[in-house]
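Presented below is the structure to which this report refers.
The values are calculated or read from the model by the stated rules, or taken from the named source; none is laboratory data. All figures in this text were calculated on a predicted structure; none of them were measured in a lab. Ideal geometry is used to build each Cβ from the backbone, glycine not excepted, and the neighbour counts take in all protein chains shown. What goes into the accessible areas is simple: the full protein's heavy atoms, side chains included, and nothing from ligands, DNA or RNA. Shrake-Rupley method; radii C 1.70, N 1.55, O 1.52, S 1.80 Å.
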Amino acid sequence: MKTYRLAALLICLTVAVPLFALQRGSDSITGTWSGDWGPSPGDRNTVNVDLKLNGKAVTGVVHSINFQRPDVMLQKSTFDPASGAIHMEADAPNPAGGTKVHYVIDGKLANGTMTGSWNHDGKKGDFKLTKK
């Protein structure tokens, strides 16, 4: 009887462990991303971005690396796994003071790299992030 229980337990573990690993690997957004953004190739800002996927909703924080800027929380952010499209918005402090700067960011995820464009107040540029 003990042998039967042990065999049944081993079979259950053999099936369950790969399923948990597959479930973790299916989320291509959650994690830390690093890269840069800017209005031109000569004007770039290095960032790390922590993202978490919950259904199609994305939450996260942008951490500036090369400038002493406060962290920026993402809002109204979504990811469509079927198309790889990601949409993010964020309100960042204005370095010149005054009202916050509202960024609208749209990109696409392919092969562990996220690329796309951003804009705010008539200014625009691009970004590229790679999952760590």
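Here is how the numbers come out for the structure above:
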| read-out | value |
| --- | --- |
| Region 95-129: number of residues that are assigned to a loop (DSSP other than H, G, I, E, B) and either within 12 Å of the chain's Cα centre (by Cα) or over 18 Å from Ile29 (Cβ atoms) (or both) | 9 |
| Answer residue from region 67-80, given it is closer than 15 Å to His120 by Cβ and surrounded by 16 or more Cβ atoms within 10 Å (Cβ to Cβ) and is farthest from the chain's Cα centre (by Cα) among those | Val72 |
| Residue in region 42-58 that is surrounded by 14 or more Cβ atoms within 10 Å (Cβ to Cβ), more than 14 Å from Phe127 (Cβ to Cβ), polar (S, T, N, Q) and touching a strand residue (DSSP E or B) at 6+ places or on another chain (Cβ under 7 Å) present | no |
| Number of the condition not met by Gly97 [criteria: (1) at pLDDT below 95; (2) at negative phi; (3) surrounded by fewer than 16 Cβ atoms within 10 Å (Cβ to Cβ)] | (2) |
| Which listed residue, of Ser83, Ser28, is within 11 Å of the chain's Cα centre (by Cα), of a type in the set (Gly, Ala, Ser), at pLDDT 55 or above and under 21 Å from Gly116 (Cβ atoms) | Ser28 |
| Test: Gly84 is on the phi > 0 side of the Ramachandran plot and either of a type in the set (Asp, Glu) or in contact with a Leu (Cβ under 9 Å, 6 or more places away or on another chain) (or both) | yes |
| Ser34 being at pLDDT 95 or above, among the hydroxyl-bearing types (Ser, Thr, Tyr), open to solvent by less than 40 Å² (accessible area, probe 1.4 Å) and touching a strand residue (DSSP E or B) at 6+ places or on another chain (Cβ under 7 Å) | yes |
| Identity of the residue in region 100-114, touching a residue at least 24 places away in the same chain (Cβ under 8 Å) and among the small types (Gly, Ala, Ser), that ends up most open to solvent (accessible area, probe 1.4 Å) | Ala110 |
| Ser117 touching a residue at least 12 places away in the same chain (Cβ under 8 Å), open to solvent by less than 30 Å² (accessible area, probe 1.4 Å), among the polar types (S, T, N, Q) and touching a strand residue (DSSP E or B) at 6+ places or on another chain (Cβ under 9 Å) | no |
